[in-house]
Amino acid sequence: MPETLKIDAHQHFWKYNPGEYGWIGPQDRVLRRDFLPADLQPELMSSGIQGAVSVQARQSLEETRWLLELAHQYTFIKGVVGWVPLIGPDVEKHLELFSADRKLKGVRHVLHDEADDNYMLRGDFNAGIHLLRKFNLVYDVLIFERHLPQTIEFVDAHPGQTFVVDHLAKPKIKARITEPWRKHIQALARRPHVYCKLSGAVTEANHQDWQTGDLRPYVDTILESFGPQRVMFGSDWPVCLLACDYRRWSTTVQDLTGGLSATEQAAIMGGVAAGVYGLE
């Protein structure tokens, strides 16, 4: 895949029903409908983006199968980060079955919704993570900033595994608080097998009244800590619609990275995602 191809490394699809998407509250009316490839494709085109990585939004094998089916139907879906159970006797069987589909590029578990903040340190969960390298799968890390200390311990237990932190680890942007998030992000970024997505930041800000400057301290910290060669653009569409449309988020990221070289910007806007996820 040419490095110049622009990739959205983080978006979602769903057929909405309240029972399966309980995390979408009554106040999130804009999200309470179906979001399908035909809805995303024109958004990508209007922003000059040629491909996307579709990420799980609910924890079911049924959804993982569906996302893979969509990826084979729509060529702009370059890869899928799905969900498989990483705890239990059938972990390896599930990984072997789903990884046979080359569109599966990674897996994710919704760690920040677990009641146990140390869930990621469980022995049985780590046994499942240990198997991912065998199947050449990336692990996407979905956490709140309070989980960063244990995330460092978690990734240190798997030095050969590629990890991608989603949504900047959800710092407290609305409250304009940077510490201890900054300190922990800098420590996490010293692990070369860990990458980070510029996604989800806008929904951590004030949905109705955010400005690009509100995000800059956080994005600058990510860029300084990881470097452009370990950072990738993601929209978190359609969740981003809570705070802005697709085009505004795309141009905001371009504004926030505008001081970088053309090569560095191209890496963030597609090259890093293509390399990390092995997109074709």
Original post:
Considering 150, 161, which residue is surrounded by fewer than 21 Cβ atoms within 10 Å (Cβ to Cβ), of a type outside the set (Phe, Trp, Tyr) and assigned to a helix (DSSP H, G or I)?
Top reply: 150
Original post:
Could we say that residue 166 is in contact with a strand residue (DSSP E or B) (Cβ under 6 Å, 6 or more places away or on another chain), under 30 Å from residue 29 (Cβ atoms), surrounded by 14 or more Cβ atoms within 10 Å (Cβ to Cβ) and not aliphatic (A, V, I, L, M) here?
Top reply: yes
**OP:** Select from region 8-30 the residues that are over 17 Å from residue 75 (Cα atoms) and in contact with a Leu (Cβ under 7 Å, 6 or more places away or on another chain) and list them in ascending order.
**Re:** 24, 28, 30
Original post:
Within the bounds of region 179-186, is there any residue that is part of a loop (DSSP other than H, G, I, E, B), among the basic types (Lys, Arg), surrounded by fewer than 19 Cβ atoms within 10 Å (Cβ to Cβ) and modelled with pLDDT of 95 or more?
Top reply: no
Original post:
From the list 33, 29, 58, which residue is farther than 22 Å from residue 274 by Cα, within 17 Å of the chain's Cα centre (by Cα) and among the charged types (D, E, K, R)?
Top reply: 58
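One line per residue, one yes/no per condition, for (1) buried (at least 16 other Cβ atoms within 10 Å of the Cβ); (2) under 18 Å from the mean Cα position of the chain (by Cα); (3) in contact (Cβ under 8 Å) with a residue 12 or more places away in the chain; (4) assigned to a loop (DSSP other than H, G, I, E, B):
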site	(1), (2), (3), (4)
128	yes, no, yes, no
143	yes, yes, yes, yes
154	yes, yes, yes, no
175	no, no, no, yes
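The values are calculated or read from the model by the stated rules, or taken from the named source; none is laboratory data. Computed from a prediction, not measured in an experiment: that's the story for all the values here. Backbone-built Cβ (ideal geometry, glycine too); neighbour counts: all protein chains shown.
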